[in-house]
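Okay, so here's the structure we're looking at.
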Amino acid sequence: MLTKKHIGLAITAILAGSLVARADIKSTIQGAASGTTVNCSGSYSVSGSIAVPSGVTVAGPATFNFTSSSSDGFTMSGSSAKLQSLTITGAKHGVDVKGSGCSITSCTATGNHDSGIELDNSGSKNNTVSGCTSYNNADSSGGNADGFAVKNGTGSGNKFSNCTGYQNSDDGYDFYGANGTITLSGCQAYSNGSANGKTGNGDGFKMGGTYNQAHTYTSCTAHNNTAGSTKRGFDTNHNTAAIHLNSCHSYSNGSKDVLGNCVLSNCTMQN
């Protein structure tokens, strides 16, 4: 049941694109109660991060231009927070998820100064990223900014579906340090390894490192990853687990795939 406070929050968010000062959108989102949907429209310029509370949905279409390259854009540290139909630019990580049961749907992360969308730390589990695009993200060294990243000891149950990572300075998808199995379906990675004059490894799908986890990739494609130091479509990155690749395809990348102990089914790989 929506209270007057909840309705007022939604109205404030809708008006923020035109009538209410842009800065109000940050306090509107951060002050929202669980169960509230904050409907956004237009473009917003935001200083610092926006912490999305547990159970709150931020829905566009809207563009959020973050003005600090040293602060993450949207942070999701609680549970069951949602981002929908947003374009996120100018932040360190466009979205940083340390919570559980969160979802990011139909969002675009571009022009950020580290990975576009990152799940990290042990509390990050059972999150879903679907229909998202992450491109042209670049850090100062080139070796950190991925389209999508799952790192720093994350938990299990994280999923990606129908996402695209391209033209990022490091990798399309980087799961180095993921300490829980991840499931991907219908994802694409291309033209990674160079962005904004910076270069990194340039893998399409970097499938682990540090921890040995049997991730699953279904109907995922990597192609034309030709920049960077490794430039592979699929790379186990020393993950010795039995990673499952189902109906996956790799072609026109700069180097052969490194598949280690991967279990392949109906795949065409570059080797």
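Would you be able to tell me the number of residues in the stretch 76-104 that are touching a Pro at 6+ places or on another chain (Cβ under 7 Å) and more than 15 Å from residue 34 (Cβ to Cβ)? Looking only at that region, the number is 1.
Yes/no per residue for (1) more than 17 Å from the chain's Cα centre (by Cα); (2) acidic (Asp, Glu):
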| residue | (1), (2) |
| --- | --- |
| 163 | no, no |
| 166 | no, no |
| 170 | no, yes |
| 181 | no, no |
| 198 | yes, no |
| 201 | yes, no |
| 209 | yes, no |
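In the set (1) at positive phi; (2) surrounded by fewer than 20 Cβ atoms within 10 Å (Cβ to Cβ); (3) basic (Lys, Arg), the condition left unmet by residue 231 is number (2). Report, by residue number, each residue of the stretch 211-238 that is in contact with a strand residue (DSSP E or B) (Cβ under 8 Å, 6 or more places away or on another chain), assigned to a loop (DSSP other than H, G, I, E, B) and polar (S, T, N, Q). 213, 219, 224, 225, 229, 230, 236, 237 - these are the residues of the stretch 211-238 that are in contact with a strand residue (DSSP E or B) (Cβ under 8 Å, 6 or more places away or on another chain), assigned to a loop (DSSP other than H, G, I, E, B) and polar (S, T, N, Q). Filtered by the rule that a residue be touching a Cys at 6+ places or on another chain (Cβ under 9 Å) and surrounded by 19 or more Cβ atoms within 10 Å (Cβ to Cβ), the stretch 81-102 gives 81, 83, 84, 86, 88, 94, 95. Checked against (1) among the hydroxyl-bearing types (Ser, Thr, Tyr); (2) crowded, with 19+ Cβ neighbours inside 10 Å; (3) closer than 18 Å to residue 130 by Cβ, residue 105 passes all but a single condition, namely (2). Would you confirm, using the coordinates I've provided, whether residue 216 is under 18 Å from the mean Cα position of the chain (by Cα), at pLDDT 95 or above and within 18 Å of residue 127 (Cα to Cα)? Yes: the conditions hold for residue 216. Residue check: is residue 31 of a type outside the set (S, T, N, Q), on the phi > 0 side of the Ramachandran plot, surrounded by fewer than 18 Cβ atoms within 10 Å (Cβ to Cβ) and touching a residue at least 12 places away in the same chain (Cβ under 8 Å)? Answer is no for this residue. The set of residues in the stretch 37-55 being outside any strand (DSSP E or B) and surrounded by 23 or more Cβ atoms within 10 Å (Cβ to Cβ) consists of 40, 52.
Could you list all residues from the stretch 128-160 that are at negative phi, surrounded by 23 or more Cβ atoms within 10 Å (Cβ to Cβ), of a type in the set (Gly, Ala, Ser) and more than 9 Å from the chain's Cα centre (by Cα)? Within the stretch 128-160, 138, 145 qualify. If you take the residues in the stretch 239-271 that are in a loop (DSSP other than H, G, I, E, B) and of a type in the set (A, V, I, L, M), which one is surrounded by the most Cβ atoms within 10 Å (Cβ to Cβ)? Only one residue fits best here, namely 243. So which residues in the stretch 173-197 are polar (S, T, N, Q) and assigned to a strand (DSSP E or B), if there are any at all? Of everything in the stretch 173-197, those that are polar (S, T, N, Q) and assigned to a strand (DSSP E or B) turn out to be 183, 185, 188, 194.
The values are calculated or read from the model by the stated rules, or taken from the named source; none is laboratory data. A quick note: this is a predicted structure, and the numbers were derived from the prediction, not measured. Because the Cβ atoms are built from the backbone with ideal geometry, glycine has one as well, and the counts that use them run over all protein chains shown.
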